[in-house]
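The values are calculated or read from the model by the stated rules, or taken from the named source; none is laboratory data. Please read all numbers here as calculations on a predicted model, not as lab measurements. Here the Cβ positions follow ideal geometry from the backbone for every residue, glycine too, while neighbour counts run over all protein chains shown. Areas reflect the complete protein model, heavy atoms only, side chains present, ligands, DNA and RNA absent. Shrake-Rupley method; radii C 1.70, N 1.55, O 1.52, S 1.80 Å.
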Amino acid sequence: MIRPEIRTARLRLRPPALDDLEAVYAYASDPAVVKYMGWPRHTSRGMTRAFLKSRAEEFEARGTGTFLVELDGAVIGSTGLHLDDDAPAATGYIIARSHWGHGYATEATQAMLALARENGLPRVEAGCHPDNAASIRVLEKCGLRRGATLPAHMVFPNLSGALTDLLLYSIEFAPKVGG
Ligand SMILES: CC(C)(COP(=O)(O)OP(=O)(O)OC[C@H]1O[C@@H](n2cnc3c(N)ncnc32)[C@H](O)[C@@H]1OP(=O)(O)O)[C@@H](O)C(=O)NCCC(=O)NCCS
(Lines give C-alpha, C1' and ligand atoms only; values in the text may rest on other atoms or scores of the structure.)
Protein backbone atom coordinates (compact mmCIF):
# COMPACT_ATOMS: atom_id res chain seq x y z
CA MET A 1 0.00 0.00 0.00
CA ILE A 2 2.66 2.56 1.15
CA ARG A 3 1.38 6.11 0.89
CA PRO A 4 3.93 8.08 2.92
CA GLU A 5 1.87 11.24 2.75
CA ILE A 6 -1.71 12.11 1.92
CA ARG A 7 -2.96 15.66 1.43
CA THR A 8 -6.59 16.63 1.96
CA ALA A 9 -8.16 20.06 1.59
CA ARG A 10 -6.75 21.24 4.93
CA LEU A 11 -4.65 18.41 6.32
CA ARG A 12 -1.47 16.47 5.76
CA LEU A 13 -1.60 12.83 6.88
CA ARG A 14 1.67 10.99 7.39
CA PRO A 15 3.20 8.10 9.36
CA PRO A 16 4.42 8.91 12.88
CA ALA A 17 8.07 9.43 13.78
CA LEU A 18 9.83 9.57 17.15
CA ASP A 19 10.11 13.37 16.77
CA ASP A 20 6.35 13.57 17.22
CA LEU A 21 6.60 12.57 20.87
CA GLU A 22 5.57 15.88 22.50
CA ALA A 23 2.63 16.53 20.18
CA VAL A 24 1.26 13.01 20.56
CA TYR A 25 1.84 12.96 24.33
CA ALA A 26 -0.11 16.22 24.63
CA TYR A 27 -3.37 14.68 23.44
CA ALA A 28 -2.72 11.05 24.45
CA SER A 29 -2.32 12.19 28.08
CA ASP A 30 -5.49 14.34 28.11
CA PRO A 31 -8.17 12.45 30.09
CA ALA A 32 -11.04 14.08 28.16
CA VAL A 33 -9.55 13.07 24.83
CA VAL A 34 -8.72 9.44 25.65
CA LYS A 35 -11.91 8.73 27.64
CA TYR A 36 -13.37 6.38 24.99
CA MET A 37 -10.14 5.09 23.47
CA GLY A 38 -9.28 1.39 23.56
CA TRP A 39 -5.79 2.07 24.95
CA PRO A 40 -4.80 3.49 28.36
CA ARG A 41 -4.11 7.20 28.82
CA HIS A 42 -0.43 7.99 28.41
CA THR A 43 0.88 8.83 31.86
CA SER A 44 4.52 9.11 30.80
CA ARG A 45 6.46 10.06 27.72
CA GLY A 46 7.88 6.54 27.77
CA MET A 47 4.41 5.22 26.92
CA THR A 48 4.18 7.60 23.99
CA ARG A 49 7.66 6.60 22.81
CA ALA A 50 6.70 2.90 22.89
CA PHE A 51 3.48 3.69 21.04
CA LEU A 52 5.31 5.61 18.30
CA LYS A 53 7.83 2.79 17.93
CA SER A 54 5.10 0.16 17.56
CA ARG A 55 3.20 2.35 15.06
CA ALA A 56 6.37 2.81 12.99
CA GLU A 57 6.85 -0.98 12.99
CA GLU A 58 3.25 -1.49 11.89
CA PHE A 59 3.73 0.94 9.01
CA GLU A 60 6.93 -0.80 7.97
CA ALA A 61 5.34 -4.26 8.06
CA ARG A 62 2.03 -3.41 6.44
CA GLY A 63 2.64 -0.31 4.36
CA THR A 64 -0.18 1.37 6.22
CA GLY A 65 -1.29 1.94 9.81
CA THR A 66 -1.53 5.06 11.94
CA PHE A 67 -1.38 8.40 10.11
CA LEU A 68 -0.72 11.52 12.13
CA VAL A 69 -2.98 14.44 11.27
CA GLU A 70 -1.11 17.71 10.64
CA LEU A 71 -2.72 21.12 10.33
CA ASP A 72 -0.46 23.96 9.19
CA GLY A 73 2.60 21.88 10.12
CA ALA A 74 1.41 21.00 13.65
CA VAL A 75 0.28 17.52 14.71
CA ILE A 76 -3.32 17.71 15.99
CA GLY A 77 -4.23 14.03 16.15
CA SER A 78 -4.22 10.79 14.26
CA THR A 79 -6.30 8.51 12.12
CA GLY A 80 -5.44 5.20 10.50
CA LEU A 81 -6.06 2.35 8.17
CA HIS A 82 -5.06 -0.84 9.93
CA LEU A 83 -4.71 -4.20 8.20
CA ASP A 84 -5.01 -7.53 9.93
CA ASP A 85 -4.61 -11.01 8.45
CA ASP A 86 -7.72 -12.28 10.22
CA ALA A 87 -10.09 -9.30 10.17
CA PRO A 88 -11.34 -6.57 7.86
CA ALA A 89 -9.38 -3.32 7.65
CA ALA A 90 -10.13 -0.93 10.51
CA THR A 91 -10.06 2.82 10.98
CA GLY A 92 -10.21 5.16 13.97
CA TYR A 93 -9.27 8.69 14.96
CA ILE A 94 -8.34 11.03 17.77
CA ILE A 95 -8.09 14.83 17.65
CA ALA A 96 -6.62 17.19 20.27
CA ARG A 97 -9.40 18.92 22.23
CA SER A 98 -8.41 22.40 21.06
CA HIS A 99 -9.27 21.34 17.50
CA TRP A 100 -12.60 19.57 17.99
CA GLY A 101 -15.60 20.68 16.00
CA HIS A 102 -13.93 21.79 12.77
CA GLY A 103 -14.53 18.67 10.70
CA TYR A 104 -10.93 17.47 10.93
CA ALA A 105 -11.77 13.89 12.05
CA THR A 106 -14.29 13.60 9.23
CA GLU A 107 -11.82 14.92 6.66
CA ALA A 108 -9.05 12.59 7.85
CA THR A 109 -11.32 9.54 7.99
CA GLN A 110 -12.63 10.20 4.49
CA ALA A 111 -9.01 10.11 3.30
CA MET A 112 -8.50 6.73 4.98
CA LEU A 113 -11.63 5.38 3.28
CA ALA A 114 -10.42 6.68 -0.08
CA LEU A 115 -7.07 4.95 0.52
CA ALA A 116 -8.88 1.69 1.28
CA ARG A 117 -11.01 2.00 -1.83
CA GLU A 118 -8.01 2.85 -4.05
CA ASN A 119 -6.27 -0.26 -2.80
CA GLY A 120 -9.21 -2.54 -3.50
CA LEU A 121 -10.10 -3.32 0.10
CA PRO A 122 -13.68 -4.59 0.23
CA ARG A 123 -14.64 -3.32 3.68
CA VAL A 124 -13.52 -1.02 6.48
CA GLU A 125 -14.77 -1.33 10.06
CA ALA A 126 -14.68 0.86 13.14
CA GLY A 127 -15.64 0.09 16.72
CA CYS A 128 -17.12 2.69 19.04
CA HIS A 129 -18.27 3.08 22.63
CA PRO A 130 -22.08 3.49 22.67
CA ASP A 131 -21.85 6.84 24.52
CA ASN A 132 -19.28 8.38 22.17
CA ALA A 133 -21.76 10.59 20.33
CA ALA A 134 -19.18 12.73 18.51
CA SER A 135 -17.45 9.65 17.15
CA ILE A 136 -20.75 8.07 16.06
CA ARG A 137 -21.52 11.29 14.19
CA VAL A 138 -18.12 11.18 12.42
CA LEU A 139 -18.73 7.57 11.35
CA GLU A 140 -22.17 8.45 10.00
CA LYS A 141 -20.88 11.52 8.14
CA CYS A 142 -18.25 9.29 6.52
CA GLY A 143 -20.90 6.85 5.30
CA LEU A 144 -20.28 3.98 7.70
CA ARG A 145 -23.36 2.07 8.75
CA ARG A 146 -24.14 0.74 12.17
CA GLY A 147 -24.04 -3.05 12.39
CA ALA A 148 -23.98 -5.41 15.33
CA THR A 149 -23.66 -4.35 18.93
CA LEU A 150 -21.21 -6.71 20.58
CA PRO A 151 -22.50 -7.13 24.13
CA ALA A 152 -20.11 -6.81 27.07
CA HIS A 153 -17.30 -6.98 24.54
CA MET A 154 -14.40 -5.02 25.96
CA VAL A 155 -13.03 -3.01 28.83
CA PHE A 156 -12.35 0.62 27.97
CA PRO A 157 -9.22 1.18 30.06
CA ASN A 158 -9.90 4.86 30.80
CA LEU A 159 -13.44 4.23 32.09
CA SER A 160 -14.79 2.17 34.97
CA GLY A 161 -13.07 -1.11 34.16
CA ALA A 162 -16.38 -2.90 33.50
CA LEU A 163 -17.02 -4.90 30.34
CA THR A 164 -18.85 -2.62 27.89
CA ASP A 165 -20.83 -3.09 24.70
CA LEU A 166 -19.06 -2.16 21.47
CA LEU A 167 -20.87 -0.68 18.46
CA LEU A 168 -19.55 -1.93 15.14
CA TYR A 169 -19.71 0.32 12.09
CA SER A 170 -18.65 -0.60 8.58
CA ILE A 171 -18.58 0.47 4.96
CA GLU A 172 -18.27 -1.77 1.92
CA PHE A 173 -16.78 -0.89 -1.45
CA ALA A 174 -17.78 -2.33 -4.78
CA PRO A 175 -14.93 -4.16 -6.55
CA LYS A 176 -12.95 -1.86 -8.85
CA VAL A 177 -13.92 -2.27 -12.49
CA GLY A 178 -11.11 -4.08 -14.33
CA GLY A 179 -9.15 -4.56 -11.15
C1 LIG B 1 -14.52 12.02 18.04
C2 LIG B 1 -13.55 13.13 17.56
C3 LIG B 1 -12.39 12.48 16.87
C4 LIG B 1 -14.28 14.05 16.61
O5 LIG B 1 -13.33 14.97 16.07
P6 LIG B 1 -13.79 16.32 15.33
O7 LIG B 1 -12.67 16.76 14.47
O8 LIG B 1 -14.33 17.26 16.34
O9 LIG B 1 -14.99 15.74 14.44
P10 LIG B 1 -15.79 16.49 13.29
O11 LIG B 1 -15.71 17.96 13.54
O12 LIG B 1 -15.32 15.95 11.99
O13 LIG B 1 -17.27 15.96 13.52
C14 LIG B 1 -17.83 15.90 14.81
C15 LIG B 1 -19.34 15.79 14.71
O16 LIG B 1 -19.85 15.33 15.96
C17 LIG B 1 -20.79 16.27 16.43
N18 LIG B 1 -20.73 16.22 17.89
C19 LIG B 1 -19.75 16.66 18.69
N20 LIG B 1 -20.06 16.40 19.97
C21 LIG B 1 -21.26 15.77 19.95
C22 LIG B 1 -22.10 15.26 20.96
N23 LIG B 1 -21.77 15.32 22.25
N24 LIG B 1 -23.28 14.70 20.58
C25 LIG B 1 -23.63 14.60 19.28
N26 LIG B 1 -22.85 15.07 18.27
C27 LIG B 1 -21.68 15.64 18.62
C28 LIG B 1 -20.37 17.59 15.84
O29 LIG B 1 -21.42 18.52 15.87
C30 LIG B 1 -19.99 17.14 14.43
O31 LIG B 1 -21.15 16.86 13.66
P32 LIG B 1 -21.73 17.92 12.58
O33 LIG B 1 -20.64 18.16 11.58
O34 LIG B 1 -22.92 17.25 12.03
O35 LIG B 1 -22.04 19.18 13.36
C36 LIG B 1 -13.02 13.97 18.75
O37 LIG B 1 -14.10 14.40 19.52
C38 LIG B 1 -12.07 13.18 19.60
O39 LIG B 1 -10.86 13.16 19.34
N40 LIG B 1 -12.59 12.54 20.64
C41 LIG B 1 -11.75 11.75 21.53
C42 LIG B 1 -11.16 10.55 20.84
C43 LIG B 1 -12.23 9.59 20.39
O44 LIG B 1 -13.22 9.37 21.08
N45 LIG B 1 -12.00 8.95 19.23
C46 LIG B 1 -12.93 7.99 18.65
C47 LIG B 1 -12.78 6.67 19.27
S48 LIG B 1 -13.98 5.53 18.55
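Could you run the Debye sum over the Cα atoms of region 90-179, one equal point scatterer each and no solvent, and tell me log10 of I(q)/I(0) at q = 0.15 Å⁻¹, two decimals? Each listed q corresponds, in turn, to -0.63. Bridgeable aspartates and glutamates around Lys35 (alpha carbons under 19 Å apart, same-chain partners fewer than 8 residues away excluded): Asp131, Asp165.
Of all chymotrypsin sites (Phe, Trp or Tyr not before Pro) in region 43-100, which ones are in loop regions per DSSP and have a Cβ with at most 10 other Cβ atoms within 10 Å? Kindly include the intermediate steps, with their values, before the conclusion.
Details: sites: Phe51, Phe59, Phe67, Tyr93, Trp100; in loops: Trp100.
The qualifying sites: there are none.
Ellipticity at 222 nm from helices only: DSSP H runs of n ≥ 4 in the chain, each -39500 (n - 2.57), divided by the residue count, give -9000 deg cm²/dmol.
Any idea of the accessible area per residue across the chain, 1.4 Å probe, to the nearest Å²?
On the way: 9270 Å² over 179 residues.
Per residue, the chain has 52 Å² of solvent-accessible surface.
The apolar share of the surface of region 6-172, taken as the fraction of accessible area on carbon and sulfur atoms (1.4 Å probe, ligands and nucleic acids excluded), comes to 51 percent. Quick note on region 1-97: its Rg to Rh ratio, both from C-alpha atoms and Rh being the Kirkwood radius, is 0.94.
Based on the Cα gyration tensor of the chain, what are the three equivalent ellipsoid semi-axes, each the root of five times an eigenvalue, rounded to whole Å and given largest first? All intermediate terms of the calculation are to be shown ahead of the outcome.
On the way: eigenvalues 107, 90, 50 Å².
Each semi-axis is √(5λ); the values are 23, 21, 16 Å.
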